[in-house]
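The block underneath contains the structure these notes are about, expressed in structure tokens.
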Amino acid sequence: MEYNSHEYLKGEVKKKLDDFRAAHVLSVYEECKKLADIFKLSESEKGSLLNAVLLHDITKPLSTREHIELAQRLGITLENENILCPKTLHAVTGAAYAKKYYADYVNDESYKAILCHTTGKVNMSLCEKLLYIADYIEPTRKFNDCIQVRERFYSSLDQGTPATLCLDRTIVYSLDLTINQLIAEGARIHPDTVKTRNFLLEGQREQK
Ligand SMILES: [Fe+2]
């Protein structure tokens, strides 16, 4: 049943996204399957994660205007901060769209993972962290930053660092690179990006 639901959602991805974006989503799916084994997720956690993966970019092709119109149709309010940081819009509309149109596949955990997958958030669950990082490190991503983050994550795992610590450190590193990139572009930084980084840094300080 779970396998069939993934096949159905993969079909939806191929129908709604262009080849490039669909290949990215399917690559995040493979990455998350690998991560689910590394982090020993239960079958139900893995199912929630993989459904979230398949739907996380479902509204990505939309323009800002289209996101605003979709939000109105879905009856959700977009925060001004999301409109000012347009790369974050598809996480908000995508989560609501997935919940409405794929209700049978989107439980609370899947919904929340889609919702925070671009900025992160304070106190992320393991499922939320795995979607966030897999989105960044999946192997079709060829940006230097993505390659560096992927290499750092897997080499620290290989060196025997506990997986959850590797994950938190890798997310901090990816947030550093994202923030640097936004500064280089002269773009606004969504406050959740900064809050996520500060929260994870504080957690690591406590573990020392
Ligand atoms: Fe993505």
* **Flag for residue 167 being over 21 Å from residue 94 (Cα atoms) and surrounded by 19 or more Cβ atoms within 10 Å (Cβ to Cβ)** => yes
* Criterion (assigned to a helix (DSSP H, G or I) and either polar (S, T, N, Q) or within 16 Å of residue 175 (Cβ to Cβ) (or both)) met by exactly one of 96, 91 -> 91
* In this structure, is residue 5 touching a helix residue (DSSP H, G or I) at 6+ places or on another chain (Cβ under 6 Å), farther than 22 Å from residue 139 by Cα and within 15 Å of the ligand (Cβ to nearest atom)? -> no
* Looking at (1) closer than 12 Å to residue 92 by Cα; (2) out of contact with any Leu (no Cβ under 8 Å at 6 or more places or on another chain), can you tell me which one residue 44 breaks? -> (1)
* To do: Look at residue 130 and say whether it is under 21 Å from residue 47 (Cβ atoms) and in contact with a Cys (Cβ under 7 Å, 6 or more places away or on another chain).
  => yes
* **Check on residue 60, within 16 Å of the ligand (Cβ to nearest atom) and basic (Lys, Arg)** => yes
* Asked: Quick one: would you say residue 83 is among the β-branched types (Val, Ile, Thr), in a helix (DSSP H, G or I) and more than 14 Å from the ligand (Cβ to nearest atom)?
  -> yes
* To do: List the helices (runs of 4 or more DSSP H) that sit entirely inside segment 115-208 and contain at least 1 residues that are of a type in the set (Phe, Trp, Tyr), closer than 23 Å to residue 84 by Cα and under 17 Å from the mean Cα position of the chain (by Cα).
  => 126-137
* Structure fact -> Exactly one of 37, 18 is among the acidic types (Asp, Glu), more than 16 Å from the ligand (Cβ to nearest atom) and at pLDDT 95 or above, and that one is 37
* Name the single residue, out of those in segment 21-31 being more than 16 Å from residue 94 (Cβ to Cβ) and either at pLDDT below 95 or out of contact with any Asp or Glu (no Cβ under 7 Å at 6 or more places or on another chain) (or both), that is farthest from the ligand (Cβ to nearest atom). => 30
* To do: Within segment 134-146, identify whether any single residue is of a type in the set (A, V, I, L, M, F, W, C) and more than 16 Å from the ligand (Cβ to nearest atom), and answer yes or no.
  => no
* Asked: Filter segment 20-68 for residues that are part of a loop (DSSP other than H, G, I, E, B) and more than 15 Å from the chain's Cα centre (by Cα); which is surrounded by the most Cβ atoms within 10 Å (Cβ to Cβ)?
  -> 41
* Could you count how many residues in segment 129-154 are buried (at least 22 other Cβ atoms within 10 Å of the Cβ), more than 16 Å from residue 37 (Cβ to Cβ) and of a type in the set (D, E, K, R)? -> 1
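The values are calculated or read from the model by the stated rules, or taken from the named source; none is laboratory data. Here the structure is a predicted model, which is why all the values come from computation and not from measurement. Neighbour counts run over all protein chains shown; Cβ positions are idealised from the backbone, glycine included.
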